[in-house]
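One structure below.
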Amino acid sequence: MDHTRPRLRYAVIGAGMAGILAGVRLGQQGEDYTIFEKADQLGGTWRENRYPGLTCDVPAHAYTYSFAPYAEWHAYYATGGEIKSYFEQVAEKYGVLPHIRFGCEVVSTVWDEERSLWRLGLSTGETVEAEIVIAASGVLHHPRLPDIEGRESFAGKAFHSARWDDDAPLDGARVGVIGNGSTGVQIITALKDRAAHLVHFQRSPQWIMPVPYFEYSEEEREAFRNDPALIDAIRYDKEYWENIFRFTRAITDVNGPEIAIIEQLCLDNLENSVRDPELREKLRPDYRAACKRLIYSWSYYDAVQHLNVSVEREGIARIEPEGVRLKDGRLIELDTIVFATGFHADRFIRPTQVLGRGGVSLDDVWAQRPTAYYAIGIPDFPNFFMLNGPTGPVGNFSLIDIAERQWGYIEQLLEPLRTGEARTIEPSAQAHADYEERRIAAAKTTIFGSGCQSWYLDATGVPASWPWSYEAFADAMAKPVMADYRIARREALAE
Ligand code: NAP
C-alpha cells in the first residue's frame, strides 16, 4: 500500500539514561523529538544520588551504551559523578542537548482519539502535542522515608540518601545510617574513614558477594582510547556474562545448583572476611541469597570491622532529639542520620496524570499493581512506550543493556507508524492479560518470592521483576509478536 510518511512528533519524558538513549536513537533517524526533564540537569538517578561512596556495581565498561564506549573510567566500577559526566558527554556528542527542555515537568498526558495524538500538560502551563510518548522516567526516584516514631524530632541533620545534605556533619562526627541495601552499604564503606563513630542500623542482614575492584592506570586508559577492542573485551567478558546467566538461572530455580553456588560464595566471603564471631553472626542473612537485590561489595566487611564502626541489629524503637533509641533501651547519640531506606518502586511515570483512550486513567489501570505488556506498553494507551517500565528486569544487570534491547523492540513497533501504514499501535487486552497471568505465575516461584521483604515485591507480595531468564528477555525483545498488537491502520481499525 502506498502511504505518505506522516510527520511524527515524539515526547520523551525524562533525561536520564533511558531518555538520552531514546534521544540519540531518534536523532540518528532524523526524528522530531523533545525530551522533557523536570530538573535543571540531566542524569536521572545519577543526578539525584550524590551520596559519598556512590558507585555503580555493574562493571563500568558494561555500564555504557553499546554505541558509545568510554575509555576514561578510573576503575573497574565507576563513581556516580563519572557516570553523570559520561551521560552529559554522550548527550552533547550525539546532539541530544538542544532537544532537552530542562525545568519542564510533564504534569499530564492525555490521548486525543480523534486526532491520534497525546496532549501533554507541562509545569510551565503550556500544552504540547506529540503522536508518540516515550516514558523514560525511571524506577527508583521517589525516596521512601522510614515510618519511625519521632523521625522529625531529631536535633541534628537527618535526610534521605537521595537528598544528600552537604552541610551535614560527617568528618569527626557521629553518623548513623539506617538501611542496609546497596545504598547503605556503599555509604558505610565511604564514611568509615571520616566519621568519628559510624553506626549501621540493619533491620535485615545482607548477602554480600565479593567482587574484584581495581583502578585503571593512565597507560590502560590510553590503550582503551587507541583500541576499542580492549573495551569490548571487558564489556563482553565471558566470565561476566556467565555470571549474569547464572544469576538469572538462580532467580528462576530456587532449589537449583546456581543459587547454591551464589550462597556459598557469599558465605565463604563472610567466614573469610569477618574475624569476630559475634559480628559474623550479626551479619549472617537468614533468608535466601538474591531474594533482596544481591550486594556486590569489595570493601563492606572490611569497613564494618574498623574500630569506629558498629553494626546495630537491635530494632529501632524511635528517633529522639539526641539520636536513635533502640528497642533494648539504649540511646545511640548522633549528629547526623542518613535514611538509606530505599524508594517507592511502584511509581514509574506517576505522579504524571496519564489518560488513555476514553479517558481511562493509568492510576486506575495500575490500582492493583503497575503492569505493562513485556514491560513496554499498555492496552488503551496507544503509541505510549516505556523504557525500564514495570515487570522489566531490574536485578544486578546493566539497565543500559536492558533499555537498549527495549529500544530495539520499540523501534520495530514504531515502524508501521513511521511508514504511515498505521496511526496507532498498542498491545491487545488479551495479549496483556495472558502475559500478566504467565508472569505472575512465574514470579511467585522466583527467588524474589522466597520469603523476604524487598522493593521487588508489589503491594500484594508478588515479585514485580522479570521472572524468567536473561536469555528469555533478550529473545522476547529481539522481535515483537505483532499479532499481540492492536494496530489501527490509517483507513480502518484492524485487530
Ligand atoms: P533498598 O534496597 O530498598 O534498601 C532499603 C533498606 O532500608 C533495607 O535494608 C531495609 O530493611 C531498610 N529499611 C527500610 N525501612 C526501614 C525501617 N523503617 N527501619 C529500618 N530499616 C528500614 O534501598 P537502596 O539501598 O537505596 O537500594 C535500592 C536499589 O537501588 C537497589 O536495590 C539497586 O537496585 C539500586 N542501587 C544500585 C546501586 C548500584 O551500585 N548499582 C547502588 C545503590 C542502589 P529491610 O531489608 O529489612 O526491609
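A short reminder: the numbers here are calculations on the coordinates, not readings from a lab. Treat the numbers as computed from the prediction; the structure is a model and nothing was measured. Quick reminder, even Gly has a Cβ in these numbers, built from the backbone with ideal geometry, and neighbours come from all protein chains shown.
Quick notes on this structure:
- Angle in degrees between helix 80-93 and the longest Cα principal axis of the chain, rounded to the nearest 10: 20 degrees
- Neighbour counts of other Cβ atoms within 10 Å put T446, T34 in the fewest-to-most order T34, T446.
- Distance from the range 356-372 to the range 9-55 (C-alpha centre basis), Å: 24 Å
- Per-residue Cβ neighbour rank within 10 angstrom, fewest leading, I332, I234: I234, I332
- Percentage relative contact order, the range 151-339, counting C-alpha pairs under 8 Å, at least six apart: 40 percent
- Taking Cβ separations below 4.7 Å as the criterion for a possible disulfide partner, the isolated cysteines in the chain are C56, C104, C266.
- Relative to the longest principal axis of the Cα atoms of the chain, the long axis of helix 399-419 lies at roughly 10 degrees.
- Look at where the Cα atoms of the range 315-339 and of the range 164-225 average out, and the two centres are 21 Å apart.
- Of all aspartates and glutamates in the structure, the ones whose alpha carbon falls short of 18 Å from that of K38, not counting any fewer than 8 places away in one chain, are E48, E88, E105, E126, E129.
- Principal axis dimensions, the chain - Cα atoms, whole angstrom, descending: 75, 52, 45
- Inter-centroid distance (Cα atoms) of the range 426-495 relative to the range 387-416, Å: 13 Å
- Under-30-angstrom lysine pairs by C-alpha in the range 151-339, whenever the two are 8 or more apart or on separate chains: 11
- The Cα trace of the range 1-70 gives Rg and Dmax of 15.9, 58 Å, the first to one decimal, the second as a whole number.
- Dipole size of the range 380-495 about its Cα centre, with +1 on Lys/Arg Cβ and -1 on Asp/Glu Cβ: approximately 60 debye, rounded to the nearest 20.
- Going by neighbour counts of Cβ atoms within 10 Å, the residues K238, K93, K38, K292 line up, fewest first, as K238, K93, K38, K292.
- Of all DSSP beta bridges in the range 151-339, antiparallel share, percent nearest 5: 25 percent
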